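Read the structure below first, then the notes.
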Amino acid sequence: MNDPVNPARLYLVRHGETDWSLTGQHTSRTDISLTKQGDRDALSLGDRLRTVSFSRVFTSPRQRARRTCALAGLTPVAEIEPDLAEWDYGDYEGRRSVDICQERPDWNLFRDGCPHGEMPAQVSDRADRLIARLRGMHGNIALFSHGQFGCVLAARWIGLPLIEGPHFLLSTTSLSILGYEPHHPAVPVIALWNASSHEMLDPAFAPNLGDARIMKRRAIERWENEGGEIPHKQRSRPSMSGAEQ
């Protein structure tokens, strides 16, 4: 049971870019390293996490996750957590979904699993086991994991069946936050999802992710920045010398 005074808030990070993430190859046990861009993105993420105080830090045992954790500056306090490892793809290790579907047109990882790898029930049980432990902790907790296991973790955190996992897209070096509804602490929520490493994470925003006023303000700011206008209100905008990346 989570602590209603200081409940766990999970900062879920997918590892940085690898050669296989670029080509779409399923990567579980293969201990592949980050690309140079993956290294840069992990360093950038670390800049944005620097002001967040973590009570615990956990990382998958795979080097791509451990490297991301290290470059983000959290290695000194990180603990290896085997349950954060990627879905074991078995015979489909190193293969792309598009190629697998040429042989099995109706194949769905989240329904069918992988021959000689993990089946959906096994991965769902693994996520549930991990969530049960995490809910007994408190404060900000960093998790460095992988794309498809991260999707499973998100689905199970809010009580969805594993088959809903494909709806949770996770980019490399992305940050997501799983927590609880502030006014209803028994209700798990996804407070932030798939924020890329170059997007700003406002440290002052993190402790109040469920504050409706803050969420409204940020939505209005984003809308205006993308060309929207607020009726009956004049706002001065700085001139832009170039496109924002």
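Computed values, structure above
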item	result
Cα shape, the stretch 1-158, gyration tensor, a/c 1.5 rule	oblate
Per residue, in Å², the accessible surface of the stretch 29-177 once ligands and nucleic acids are set aside, probe 1.4 Å	44 Å²
Kirkwood hydrodynamic radius of the stretch 77-141, Cα pairs, Å	13.7 Å
Ordering of 96-108, 44-56 by burial proxy (mean other Cβ atoms within 10 Å per residue, highest first)	44-56, 96-108
Shape of the stretch 84-196, Cα gyration tensor, a/c cut at 1.5	prolate
Nonlocal amide H pairs with L12, under 5 Å, H built at 1.01 Å	L143, S176, I177, L178
For R9, solvent-accessible area (1.4 Å; no DNA, RNA or ligand), Å²	60 Å²
Summed residue charge, Cβ within 12 Å of C101's Cβ, Lys/Arg positive, Asp/Glu negative	-1
In order through the stretch 31-44: 3J(HN,Hα) via Karplus (6.51 cos²θ - 1.76 cosθ + 1.60), integer Hz, x for Gly, Pro	8, 8, 8, 6, 6, 4, 5, x, 4, 4, 5, 5, 5, 5
Rg to Rh quotient for the stretch 27-67, alpha carbon positions, Kirkwood Rh	1.02
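The values are calculated or read from the model by the stated rules, or taken from the named source; none is laboratory data. Model, not experiment: these values are computed from the prediction. Because the Cβ atoms are built from the backbone with ideal geometry, glycine has one as well, and the counts that use them run over all protein chains shown. Heavy atoms of the whole protein, side chains included, go into the accessibility calculation; ligands, DNA and RNA do not. Shrake-Rupley method; radii C 1.70, N 1.55, O 1.52, S 1.80 Å.
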